[in-house]
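> First the structure, which I've put down as structure tokens, then a few questions once you've had a look.
The values are calculated or read from the model by the stated rules, or taken from the named source; none is laboratory data. Everything quoted here is computed from the prediction, not taken from an experiment. Cβ coordinates were reconstructed from backbone atoms using ideal geometry, including for glycine residues, and neighbour counts include every protein chain displayed. Just so you know, the surface numbers come from the protein's heavy atoms only, side chains and all, with ligands and any DNA or RNA stripped out. Shrake-Rupley method; radii C 1.70, N 1.55, O 1.52, S 1.80 Å.
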Amino acid sequence: MTTTLFVSNETIQVVSGAAKGKKLIINSIITEPVKEGTIINGVITDASQLKNDIDQIFKNNKKLGKKINVIVDGSSINTKILEVPLLNEAKLMPFIETNYPEVENREKMLIDYMVLEGKTEAGGASVLSVLTEKDFVNEYSELITSLGIKIDTIDISLSSLIKLVKFGIKALGETFIVGVLDKNILALVLFVRGKFRFSRRIRIVSEIGSEEILPEMVKILSNMIQFNKSEKTNADITDIYIGGFLPADNEIYKQLTDSLDVNVVSFPELENIRTPDGRRQGDFIYTMGSIL
């Protein structure tokens, strides 16, 4: 069993489960609210408070164990898709690093990657490269390990989402957008013919559930639809799935669908994922994806 931890702008999520064949079985989901001002857009602003909150979760839930995957998120994480030659890991990392010639203070930065396609039509591979500051990651690492908890991996939210989408792709379609709302930050991820293509983060100004949220969401989602057209992918977006948003039966989904002429719904309950009763999969996209 794998345990994953993600600190969003609103909650601490601790999810445990395992992939068994073609199914993902989630055994437990624990959430605790984050005190206002503890974390802002992924940056820890009150380490003492966050440390205490995480400590209490693990003290109160002894079955969690002491080895976890950690997911980090924030605007300080930079990603891009790279086409790379087929190389072993020792040679691939130096090649990826050459794609960041403009980076200053290189010794203070971390560069890593995730394989998107092991072999492309061009004969190479496609990877998602990641660049962020060491201090940003180290603050999470040091805080968690100081509690006696071992970290197995540190993942980013985008790669966790991509893994979950790949796992449930048959139920999602061919060309679509997955959105994840975390308080007032909306992450939008575009998949074209089942492959990750683009992501962006937008700050939501309107209050969720207010009358103003509809025109703002229409504008934001319309921009993503237009981006896909401008890229000349020759694949129209058919669906938009939004996690962490309003309940599935909320009228706004129909209003968005009518305004955009694209099917807009709450992130669906994927049949090959089993979650505890009463828990929406769309609220735990990152933590579930990291298990994979």
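> Specify the inter-centroid distance of region 240-292 and region 1-38, based on alpha-carbon positions, in whole Å.
Value for the Cα centre distance between the two parts: 16 Å.
> Grab the beta carbon distance between N184 and L82, set R0 = 25 Å, and tell me the FRET efficiency rounded to 0.05.
Step by step, r from the Cβ atoms, then E = 0.20.
> Now a separate question. Whenever you get a sec, compute what percent of the accessible area on region 16-164 sits on carbon and sulfur atoms (1.4 Å probe).
49
> Along the charge dipole of region 5-61, Cβ charges K/R +1 and D/E -1, which of S8, T45, I29 sits furthest on the positive end?
I29
> For the chain, what is the relative contact order in percent, using Cα pairs closer than 8 Å and at least 6 residues apart in sequence?
Result for the chain is 21 percent.
> Round to the nearest 10 and report in Å² the accessible area of E133, as given by a 1.4 Å probe over the protein chains' heavy atoms.
Here the residue's solvent-accessible area equals roughly 100 Å².
> Quote to one decimal, in nm, the extra length available between M1 and T120 on full extension: 0.36 nm per residue of separation minus the C-alpha distance between them.
Length gained, M1 through T120: 39.6 nm.
> List residues of region 147-182, by number, whose backbone nitrogen lies under 11 Å from a label position 7 Å along Cα→C-beta of N223.
No residue qualifies, since no backbone N sits under 11 Å from the label point.
> Only Lys, Arg, Asp and Glu count, each charged at its Cβ (+1, +1, -1, -1), so figure out the dipole size of the chain about its Cα centre, rounded to 20 debye.
Roughly 1100 debye, rounded to the nearest 20.
> Sorted by packing (mean other beta-carbon atoms within 10 Å per residue), highest first, where do 206-218, 92-104 land?
Order by mean packing, descending: 206-218, 92-104.
> Per 0.36 nm of contour for each residue apart, how much would the distance between F95 and S141 grow if the chain were fully extended, relative to their Cα-Cα spacing?
Gain in length upon complete extension: 13.9 nm.
> Can you tell me what percent of all Cα-Cα pairs in region 55-102 are more than 15 Å apart?
So the portion of pairs separated by more than 15 Å is 67 percent.
> Related question: If R0 is 22 Å, what FRET efficiency do you get for E251 and D277 from their C-beta distance, rounded to 0.05?
In this case the efficiency is close to 0.30.
> Using every alpha carbon pair in the chain, what percent of pairs falls into each 10 Å bin from 0 up to the bin containing the largest distance?
Taking all Cα pairs of the chain, the binned fractions are 6, 27, 35, 25, 7, 0 percent.
> Among L116, L186, L86, what's the order by accessible area (1.4 angstrom probe), most exposed first?
Ranking L116, L186, L86 by accessible area, largest first, yields L86, L116, L186.
> Could you provide, to the nearest whole Å², the per residue accessible area of region 199-249 with probe 1.4 Å?
Ligands and nucleic acids excluded, the result is 58 Å² per residue.
> Given the -39500 (n - 2.57) contribution per DSSP H run of 4+ residues, what per-residue ellipticity at 222 nm results for the chain, rounded to the nearest 500 deg cm²/dmol?
So the helix-based figure for the chain works out to -8500 deg cm²/dmol.
> In nm, what is the difference between 0.36 nm times the number of residues separating I111 and E216 and their Cα-Cα distance?
34.4 nm
> Further question on the same structure: Considering the options L86, F58, Y100, tell which one lies farthest towards the positive end of the dipole of region 26-134, charges being +1 on Lys and Arg and -1 on Asp and Glu at the Cβ, about the Cα centre.
So the residue furthest toward the plus end is F58.
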